[in-house]
Amino acid sequence: MSRDLVMPTLNCPFPRREHPDAADAEKAALTWLTTRGIPLGTSQLDVHLASLFGTFAAMTYPDVTPDRLALAAKWLGWLFVFDDLHLDENPEAVNATAMANILIPTLAVLTPPHIPATQAPEQAPEHDPLSRALQELLDDFARCCTPTQLRRLTDDLTLALFSAHLEAGAWTAARRVPDLAEYRITRQHSGAVLPCLTLIDILSGYEVPAHEFHHPQVQALRGSASNVITWSNDLFSSVKEARRSEFGINLPTVLRHHGYSAQEALDHTARLHNEEVDTYLELEAQTLSWASPELRRYLDGLRAWMQGNHYWSLESGRYDLTAAQVAAILGRPQTTPVRPPQQGRRRI
(Lines give C-alpha, C1' and ligand atoms only; values in the text may rest on other atoms or scores of the structure.)
Protein backbone atom coordinates (compact mmCIF):
# COMPACT_ATOMS: atom_id res chain seq x y z
CA MET A 1 0.00 0.00 0.00
CA SER A 2 1.29 3.44 -0.94
CA ARG A 3 2.38 5.62 1.95
CA ASP A 4 0.24 8.51 0.74
CA LEU A 5 -2.99 6.56 1.26
CA VAL A 6 -4.98 7.51 4.34
CA MET A 7 -6.78 4.97 6.50
CA PRO A 8 -10.47 5.92 6.90
CA THR A 9 -12.29 5.96 10.23
CA LEU A 10 -14.37 2.93 11.25
CA ASN A 11 -17.42 3.29 13.46
CA CYS A 12 -17.42 1.04 16.54
CA PRO A 13 -20.17 2.18 18.94
CA PHE A 14 -19.95 -0.87 21.19
CA PRO A 15 -18.27 -0.45 24.59
CA ARG A 16 -14.86 -2.03 25.00
CA ARG A 17 -14.71 -5.08 27.30
CA GLU A 18 -12.02 -7.63 28.06
CA HIS A 19 -11.79 -10.75 30.23
CA PRO A 20 -9.12 -10.39 32.95
CA ASP A 21 -7.53 -13.81 32.25
CA ALA A 22 -6.20 -13.08 28.77
CA ALA A 23 -2.57 -13.92 29.63
CA ASP A 24 -3.43 -17.36 30.98
CA ALA A 25 -5.56 -18.11 27.93
CA GLU A 26 -2.71 -16.98 25.69
CA LYS A 27 -0.29 -19.37 27.36
CA ALA A 28 -2.75 -22.26 27.20
CA ALA A 29 -3.46 -21.73 23.49
CA LEU A 30 0.19 -21.44 22.45
CA THR A 31 1.19 -24.46 24.52
CA TRP A 32 -1.62 -26.47 22.98
CA LEU A 33 -0.79 -25.44 19.40
CA THR A 34 2.91 -26.22 19.75
CA THR A 35 2.37 -29.67 21.25
CA ARG A 36 -0.02 -31.08 18.66
CA GLY A 37 2.49 -31.91 15.92
CA ILE A 38 1.32 -29.07 13.69
CA PRO A 39 4.19 -28.07 11.33
CA LEU A 40 4.87 -24.51 12.46
CA GLY A 41 8.16 -22.87 11.53
CA THR A 42 9.90 -20.16 13.54
CA SER A 43 8.46 -17.33 11.46
CA GLN A 44 4.94 -18.75 11.81
CA LEU A 45 5.37 -19.04 15.56
CA ASP A 46 6.42 -15.39 15.59
CA VAL A 47 3.23 -14.47 13.75
CA HIS A 48 1.04 -16.43 16.13
CA LEU A 49 2.78 -15.03 19.20
CA ALA A 50 2.22 -11.50 17.90
CA SER A 51 -1.41 -12.34 17.08
CA LEU A 52 -2.35 -12.47 20.78
CA PHE A 53 -4.97 -15.24 20.63
CA GLY A 54 -5.62 -14.96 24.36
CA THR A 55 -6.35 -11.25 24.05
CA PHE A 56 -8.59 -11.91 21.07
CA ALA A 57 -10.56 -14.49 23.06
CA ALA A 58 -10.68 -12.19 26.10
CA MET A 59 -12.15 -9.36 24.03
CA THR A 60 -14.64 -11.42 22.04
CA TYR A 61 -15.84 -13.70 24.86
CA PRO A 62 -15.51 -11.39 27.90
CA ASP A 63 -18.06 -13.15 30.14
CA VAL A 64 -16.97 -16.81 30.05
CA THR A 65 -15.23 -18.81 32.78
CA PRO A 66 -11.39 -19.00 32.66
CA ASP A 67 -11.39 -22.61 31.38
CA ARG A 68 -13.84 -21.73 28.59
CA LEU A 69 -11.72 -18.69 27.75
CA ALA A 70 -8.69 -20.96 27.25
CA LEU A 71 -10.82 -23.17 25.00
CA ALA A 72 -11.87 -20.12 22.98
CA ALA A 73 -8.23 -19.08 22.57
CA LYS A 74 -7.33 -22.57 21.30
CA TRP A 75 -10.21 -22.39 18.83
CA LEU A 76 -9.14 -19.00 17.49
CA GLY A 77 -5.55 -20.20 17.29
CA TRP A 78 -6.63 -23.26 15.29
CA LEU A 79 -8.55 -21.09 12.83
CA PHE A 80 -5.59 -18.77 12.25
CA VAL A 81 -3.13 -21.64 11.89
CA PHE A 82 -5.40 -23.40 9.38
CA ASP A 83 -5.75 -20.14 7.45
CA ASP A 84 -2.01 -19.45 7.41
CA LEU A 85 -0.90 -22.99 6.61
CA HIS A 86 -3.51 -23.88 4.02
CA LEU A 87 -4.90 -20.63 2.60
CA ASP A 88 -3.19 -17.26 3.00
CA GLU A 89 0.44 -18.38 3.11
CA ASN A 90 0.16 -21.56 1.04
CA PRO A 91 0.95 -21.33 -2.72
CA GLU A 92 -0.84 -24.67 -3.15
CA ALA A 93 -4.13 -23.07 -2.08
CA VAL A 94 -4.97 -22.44 -5.74
CA ASN A 95 -4.42 -26.13 -6.58
CA ALA A 96 -7.74 -28.00 -6.46
CA THR A 97 -6.11 -31.38 -5.81
CA ALA A 98 -3.96 -30.02 -2.98
CA MET A 99 -6.96 -28.33 -1.38
CA ALA A 100 -9.00 -31.53 -1.63
CA ASN A 101 -6.27 -33.40 0.20
CA ILE A 102 -6.41 -30.75 2.92
CA LEU A 103 -10.18 -30.51 3.21
CA ILE A 104 -11.06 -34.23 3.13
CA PRO A 105 -9.65 -35.09 6.59
CA THR A 106 -11.09 -31.86 8.00
CA LEU A 107 -14.54 -32.63 6.60
CA ALA A 108 -14.26 -36.17 7.93
CA VAL A 109 -14.01 -34.65 11.40
CA LEU A 110 -16.83 -32.15 10.87
CA THR A 111 -19.19 -34.57 9.13
CA PRO A 112 -18.00 -38.11 9.99
CA PRO A 113 -18.65 -40.38 6.98
CA HIS A 114 -20.97 -43.32 7.55
CA ILE A 115 -18.73 -45.86 5.84
CA PRO A 116 -16.70 -48.84 7.08
CA ALA A 117 -13.26 -47.92 8.45
CA THR A 118 -11.66 -50.16 5.80
CA GLN A 119 -13.13 -47.89 3.12
CA ALA A 120 -11.92 -44.63 4.66
CA PRO A 121 -9.92 -42.31 2.36
CA GLU A 122 -6.14 -42.20 2.54
CA GLN A 123 -6.36 -38.65 3.89
CA ALA A 124 -7.66 -39.89 7.25
CA PRO A 125 -7.97 -37.36 10.10
CA GLU A 126 -5.64 -39.35 12.36
CA HIS A 127 -2.78 -38.71 9.91
CA ASP A 128 -3.32 -34.94 9.84
CA PRO A 129 -2.26 -32.92 12.93
CA LEU A 130 -4.67 -30.06 12.25
CA SER A 131 -7.61 -32.44 11.87
CA ARG A 132 -6.65 -34.27 15.06
CA ALA A 133 -6.50 -30.92 16.87
CA LEU A 134 -9.91 -29.97 15.48
CA GLN A 135 -11.35 -33.28 16.70
CA GLU A 136 -9.96 -32.54 20.15
CA LEU A 137 -11.61 -29.12 20.14
CA LEU A 138 -14.97 -30.54 19.04
CA ASP A 139 -14.76 -33.17 21.79
CA ASP A 140 -14.19 -30.38 24.32
CA PHE A 141 -17.12 -28.40 22.94
CA ALA A 142 -19.35 -31.48 23.00
CA ARG A 143 -18.79 -31.77 26.74
CA CYS A 144 -20.21 -28.29 27.33
CA CYS A 145 -23.05 -28.01 24.82
CA THR A 146 -26.07 -29.83 23.42
CA PRO A 147 -25.99 -31.91 20.20
CA THR A 148 -28.00 -29.15 18.51
CA GLN A 149 -25.40 -26.53 19.37
CA LEU A 150 -22.56 -28.75 18.21
CA ARG A 151 -24.30 -29.33 14.89
CA ARG A 152 -24.75 -25.57 14.45
CA LEU A 153 -21.02 -25.18 14.96
CA THR A 154 -19.89 -27.92 12.57
CA ASP A 155 -22.33 -26.78 9.87
CA ASP A 156 -21.03 -23.21 10.10
CA LEU A 157 -17.38 -24.29 9.94
CA THR A 158 -18.02 -26.61 6.98
CA LEU A 159 -19.58 -23.74 5.04
CA ALA A 160 -16.71 -21.44 6.04
CA LEU A 161 -14.10 -23.87 4.70
CA PHE A 162 -16.02 -24.30 1.44
CA SER A 163 -16.28 -20.53 0.96
CA ALA A 164 -12.62 -19.99 1.82
CA HIS A 165 -11.64 -22.62 -0.74
CA LEU A 166 -13.80 -20.84 -3.33
CA GLU A 167 -11.94 -17.58 -2.70
CA ALA A 168 -8.46 -19.08 -2.52
CA GLY A 169 -8.94 -21.69 -5.21
CA ALA A 170 -11.54 -20.84 -7.81
CA TRP A 171 -11.01 -17.09 -8.00
CA THR A 172 -7.29 -16.83 -7.36
CA ALA A 173 -6.40 -19.77 -9.59
CA ALA A 174 -8.47 -18.33 -12.42
CA ARG A 175 -7.13 -14.82 -11.73
CA ARG A 176 -10.73 -13.62 -11.68
CA VAL A 177 -11.86 -10.88 -9.34
CA PRO A 178 -15.49 -11.42 -8.31
CA ASP A 179 -18.04 -8.65 -8.51
CA LEU A 180 -19.12 -6.98 -5.29
CA ALA A 181 -22.31 -9.03 -4.91
CA GLU A 182 -20.43 -12.33 -5.32
CA TYR A 183 -17.79 -11.26 -2.86
CA ARG A 184 -20.30 -10.17 -0.23
CA ILE A 185 -22.00 -13.57 -0.36
CA THR A 186 -18.84 -15.63 0.09
CA ARG A 187 -17.06 -13.29 2.50
CA GLN A 188 -19.86 -13.55 5.04
CA HIS A 189 -18.79 -17.18 5.43
CA SER A 190 -15.12 -17.40 4.36
CA GLY A 191 -13.83 -15.40 7.30
CA ALA A 192 -15.07 -18.18 9.66
CA VAL A 193 -16.79 -15.54 11.80
CA LEU A 194 -20.18 -17.28 11.89
CA PRO A 195 -18.87 -20.42 13.68
CA CYS A 196 -17.21 -18.09 16.21
CA LEU A 197 -20.56 -16.37 16.76
CA THR A 198 -22.19 -19.78 17.16
CA LEU A 199 -19.82 -20.43 20.07
CA ILE A 200 -21.17 -17.47 22.07
CA ASP A 201 -23.86 -19.38 23.96
CA ILE A 202 -21.86 -22.63 23.98
CA LEU A 203 -18.93 -21.08 25.82
CA SER A 204 -21.20 -19.13 28.16
CA GLY A 205 -23.16 -22.21 29.21
CA TYR A 206 -26.66 -21.53 27.89
CA GLU A 207 -28.59 -22.21 24.67
CA VAL A 208 -30.58 -19.92 22.42
CA PRO A 209 -33.80 -21.82 21.64
CA ALA A 210 -33.90 -23.20 18.09
CA HIS A 211 -36.98 -21.22 17.09
CA GLU A 212 -35.14 -18.01 18.03
CA PHE A 213 -31.65 -18.94 16.77
CA HIS A 214 -33.03 -19.79 13.31
CA HIS A 215 -35.46 -16.86 13.20
CA PRO A 216 -34.84 -14.79 10.03
CA GLN A 217 -34.12 -11.65 12.07
CA VAL A 218 -31.54 -13.43 14.23
CA GLN A 219 -29.86 -14.97 11.20
CA ALA A 220 -29.83 -11.53 9.58
CA LEU A 221 -28.19 -10.11 12.73
CA ARG A 222 -25.55 -12.84 12.63
CA GLY A 223 -24.89 -12.11 8.97
CA SER A 224 -24.71 -8.38 9.61
CA ALA A 225 -22.26 -8.87 12.49
CA SER A 226 -20.15 -11.10 10.23
CA ASN A 227 -20.12 -8.35 7.60
CA VAL A 228 -18.99 -5.74 10.13
CA ILE A 229 -16.18 -8.01 11.31
CA THR A 230 -14.96 -9.30 7.94
CA TRP A 231 -15.10 -5.95 6.16
CA SER A 232 -13.14 -4.29 8.95
CA ASN A 233 -10.60 -7.12 8.73
CA ASP A 234 -10.35 -6.53 4.98
CA LEU A 235 -9.40 -2.95 5.72
CA PHE A 236 -7.04 -3.83 8.58
CA SER A 237 -5.23 -6.44 6.48
CA SER A 238 -5.04 -4.37 3.28
CA VAL A 239 -1.51 -3.16 4.16
CA LYS A 240 -0.21 -6.70 4.66
CA GLU A 241 -2.13 -8.09 1.68
CA ALA A 242 -0.78 -5.47 -0.70
CA ARG A 243 2.76 -6.25 0.41
CA ARG A 244 2.34 -10.02 0.12
CA SER A 245 0.48 -10.50 -3.16
CA GLU A 246 -0.51 -8.56 -6.21
CA PHE A 247 -3.65 -10.67 -6.51
CA GLY A 248 -5.28 -10.74 -3.11
CA ILE A 249 -9.04 -11.05 -2.82
CA ASN A 250 -10.47 -8.63 -0.27
CA LEU A 251 -13.05 -5.86 -0.33
CA PRO A 252 -10.64 -3.02 -1.26
CA THR A 253 -9.10 -5.02 -4.13
CA VAL A 254 -12.54 -6.02 -5.42
CA LEU A 255 -13.55 -2.36 -5.44
CA ARG A 256 -10.30 -1.34 -7.15
CA HIS A 257 -10.85 -3.90 -9.89
CA HIS A 258 -14.27 -2.45 -10.53
CA GLY A 259 -13.20 1.15 -11.03
CA TYR A 260 -12.30 2.66 -7.65
CA SER A 261 -8.95 4.29 -7.04
CA ALA A 262 -6.85 2.90 -4.17
CA GLN A 263 -7.98 5.63 -1.78
CA GLU A 264 -11.60 5.44 -2.95
CA ALA A 265 -11.55 1.67 -2.35
CA LEU A 266 -10.40 2.14 1.25
CA ASP A 267 -12.93 4.91 1.85
CA HIS A 268 -15.81 2.91 0.35
CA THR A 269 -14.87 -0.16 2.38
CA ALA A 270 -15.15 1.96 5.52
CA ARG A 271 -18.44 3.44 4.29
CA LEU A 272 -19.93 -0.03 3.72
CA HIS A 273 -18.71 -1.11 7.15
CA ASN A 274 -20.19 1.91 8.91
CA GLU A 275 -23.51 1.56 7.09
CA GLU A 276 -23.58 -2.10 8.14
CA VAL A 277 -23.12 -1.08 11.78
CA ASP A 278 -26.19 1.14 11.43
CA THR A 279 -28.10 -1.73 9.80
CA TYR A 280 -27.15 -4.01 12.67
CA LEU A 281 -28.30 -1.54 15.32
CA GLU A 282 -31.68 -1.02 13.60
CA LEU A 283 -32.31 -4.75 13.32
CA GLU A 284 -31.13 -5.36 16.87
CA ALA A 285 -33.68 -2.85 18.21
CA GLN A 286 -36.46 -4.69 16.37
CA THR A 287 -35.33 -8.07 17.67
CA LEU A 288 -35.03 -6.95 21.29
CA SER A 289 -38.77 -6.23 21.31
CA TRP A 290 -39.54 -9.96 21.30
CA ALA A 291 -36.27 -11.64 22.40
CA SER A 292 -36.10 -14.11 25.27
CA PRO A 293 -33.51 -13.61 28.05
CA GLU A 294 -31.26 -16.15 26.30
CA LEU A 295 -31.47 -14.32 23.00
CA ARG A 296 -30.84 -10.96 24.67
CA ARG A 297 -27.72 -12.44 26.22
CA TYR A 298 -26.68 -13.75 22.80
CA LEU A 299 -27.13 -10.30 21.24
CA ASP A 300 -24.83 -8.90 23.92
CA GLY A 301 -22.35 -11.52 22.74
CA LEU A 302 -22.63 -10.31 19.14
CA ARG A 303 -21.80 -6.80 20.31
CA ALA A 304 -18.84 -8.12 22.28
CA TRP A 305 -17.54 -9.88 19.17
CA MET A 306 -17.76 -6.75 17.02
CA GLN A 307 -16.01 -4.53 19.57
CA GLY A 308 -13.50 -7.24 20.47
CA ASN A 309 -12.50 -7.82 16.87
CA HIS A 310 -12.17 -4.07 16.29
CA TYR A 311 -9.85 -3.33 19.20
CA TRP A 312 -7.89 -6.58 19.00
CA SER A 313 -7.15 -5.92 15.31
CA LEU A 314 -5.71 -2.53 16.17
CA GLU A 315 -3.60 -3.82 19.06
CA SER A 316 -2.29 -7.20 17.92
CA GLY A 317 0.74 -7.59 15.68
CA ARG A 318 -1.15 -9.56 13.05
CA TYR A 319 -1.93 -6.69 10.68
CA ASP A 320 1.25 -4.66 11.17
CA LEU A 321 -0.55 -1.32 11.46
CA THR A 322 1.41 1.78 12.41
CA ALA A 323 0.38 4.06 15.26
CA ALA A 324 -0.71 6.67 12.70
CA GLN A 325 -2.91 4.15 10.88
CA VAL A 326 -4.48 3.04 14.15
CA ALA A 327 -5.20 6.65 15.08
CA ALA A 328 -6.80 7.27 11.68
CA ILE A 329 -9.07 4.21 11.99
CA LEU A 330 -10.10 5.27 15.48
CA GLY A 331 -10.82 8.77 14.21
CA ARG A 332 -9.19 10.35 17.24
CA PRO A 333 -5.73 10.71 18.81
CA GLN A 334 -4.43 7.31 19.78
CA THR A 335 -5.04 6.59 23.46
CA THR A 336 -4.18 2.87 23.49
CA PRO A 337 -0.75 2.03 22.09
CA VAL A 338 -0.19 -0.86 19.73
CA ARG A 339 1.03 -3.70 21.93
CA PRO A 340 4.76 -4.33 21.54
CA PRO A 341 6.01 -7.75 20.47
CA GLN A 342 6.83 -10.29 23.16
CA GLN A 343 10.39 -10.28 24.43
CA GLY A 344 12.67 -12.32 22.17
CA ARG A 345 10.23 -12.35 19.25
CA ARG A 346 10.04 -10.01 16.33
CA ARG A 347 6.72 -8.58 15.28
CA ILE A 348 5.52 -9.74 11.87
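How big is the accessible area of F162 in square angstrom, nearest 10, if you roll a 1.4 angstrom probe over the protein chains?
130 Å²
Quick one: 3J(HN,Hα) in Hz for the stretch 130-147, Karplus 6.51/-1.76/1.60 with θ = phi - 60°, rounded, Gly and Pro as x.
Rounded to whole hertz, the list is 5, 5, 4, 5, 5, 4, 4, 4, 5, 4, 5, 5, 4, 6, 10, 8, 8, x.
Stokes-Einstein D for the stretch 156-202 at 37 °C, 0.692 mPa s, Kirkwood Rh over Cα pairs, in µm²/s?
Rounded, D is 295 µm²/s.
How much of Y280 can a 1.4 Å solvent probe reach, expressed as accessible area in Å² and rounded to 10?
Accessible area of Y280: about 0 Å².
Which ³J(HN,Hα) values, rounded to whole Hz and listed in residue order, are derived for the stretch 318-329 from phi using the Karplus coefficients 6.51, -1.76 and 1.60 in 6.51 cos²θ - 1.76 cosθ + 1.60 with θ = phi - 60°, glycine and proline given as x?
Computed from phi, the couplings for the stretch 318-329 are 5, 9, 6, 7, 7, 4, 5, 5, 4, 4, 5, 5 Hz.
Top to bottom by accessible area (1.4 Å), largest first, where do R256, R184, R318 land?
R256, R184, R318
For Y61, what is the net charge nearby, where nearby means another residue's Cβ is under 15 Å from its Cβ and Lys, Arg count +1, Asp, Glu -1?
In short, -3.
Just reorder D201, D179 by solvent-accessible area, largest first, 1.4 Å probe, all chains present.
D179, D201
Please work out the FRET efficiency for the pair D155 and A23, using the Cβ-Cβ distance as r and a Förster radius of 35 Å; give the result to the nearest 0.05.
It comes out at approximately 0.60.
Not counting ligands, DNA or RNA, and with a 1.4 Å probe, what is H258's accessible surface area in Å² rounded to the nearest 10?
Probe radius 1.4 Å; accessible area of H258 about 90 Å².
Within the accessible area of the stretch 181-230, what % is carbon and sulfur when the probe is 1.4 Å and the other protein chains stay in place?
Ligands and nucleic acids excluded, carbon and sulfur reach 58 percent.
For the stretch 141-230, compute Rh as the Kirkwood radius over C-alpha pairs and then the Stokes-Einstein diffusion coefficient at 4 °C and 1.567 mPa s; write the answer in µm²/s, rounded to an integer.
Roughly 92 µm²/s, to the nearest whole number.
If each residue of separation counts as 0.36 nm, what is the full-extension length gain between R176 and D140 once their alpha-carbon separation is subtracted?
The span from R176 to D140 would gain 9.0 nm if fully extended.
The values are calculated or read from the model by the stated rules, or taken from the named source; none is laboratory data. On a predicted model such as this, the values are computed, not experimentally measured, just so you know. All Cβ positions, even for glycine, are placed from backbone atoms using ideal geometry, and neighbour counts span all protein chains on display. We work out accessible area using only protein heavy atoms, side chains counted, and drop any ligands, DNA or RNA first. Shrake-Rupley method; radii C 1.70, N 1.55, O 1.52, S 1.80 Å.
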